[in-house]
Amino acid sequence: MNSDISHKRNLHQFDLVAYLVIEKFSLSPLTSGLLAAVTATVVYLFTAFLSNTLWSKQGEMGLLRDWIPWLVGLFINPVTLGY
């Protein structure tokens, strides 16, 4: 059991991003997934507000009606980053 834990610790030391997330910031998979979801939501809404694409217009779908960015930002990215 102890060798499994030390082996897992050694694996993430070779990846700079994993090392920073696990050792320096002490983020759990759940915390990093939630942080990714919040960050994506803020970036999407801010970008859509600045580009005036938040609301739907004639012949265009706004961000609030488009489900693809929300699926990616709230489910796929957080699960991938948590993994």
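Numerical summary
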{"item": "Over the chain, relative contact order from alpha-carbon pairs under 8 Å, at least 6 apart, %", "result": "34 percent"}
{"item": "Accessible area of the chain divided out per residue, in Å², using a probe of 1.4 angstrom", "result": "83 Å²"}
{"item": "The chain, accessible surface, carbon-and-sulfur percent (1.4 angstrom probe)", "result": "68 percent"}
{"item": "Estimated FRET transfer efficiency when R0 is 30 angstrom, pair residue 25-residue 51 (beta carbons, to 0.05)", "result": "0.45"}
{"item": "Residue-averaged 222 nm ellipticity for the chain, from DSSP H runs of 4+ at -39500 (n - 2.57), nearest 500", "result": "-16500 deg cm²/dmol"}
{"item": "Other-chain or far-sequence residues with amide H under 5 Å of residue 62's (modelled H)", "result": "56, 57"}
{"item": "Peptide ranges 66-78, 48-60 listed from the most packed, as the mean C-beta count within 10 angstrom indicates", "result": "66-78, 48-60"}
{"item": "Normalised alpha carbon radius of gyration of the chain [divisor 2.2 N^0.38 Å]", "result": "1.52"}
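The values are calculated or read from the model by the stated rules, or taken from the named source; none is laboratory data. All values derive from a computational prediction rather than experimental measurement. Every residue, glycine as well, gets a Cβ built from its backbone with ideal geometry; the counts of neighbours run over all protein chains shown. Side chains are part of the model used for accessible areas, which takes the heavy atoms of the whole protein and leaves out ligands, DNA and RNA. Shrake-Rupley method; radii C 1.70, N 1.55, O 1.52, S 1.80 Å.
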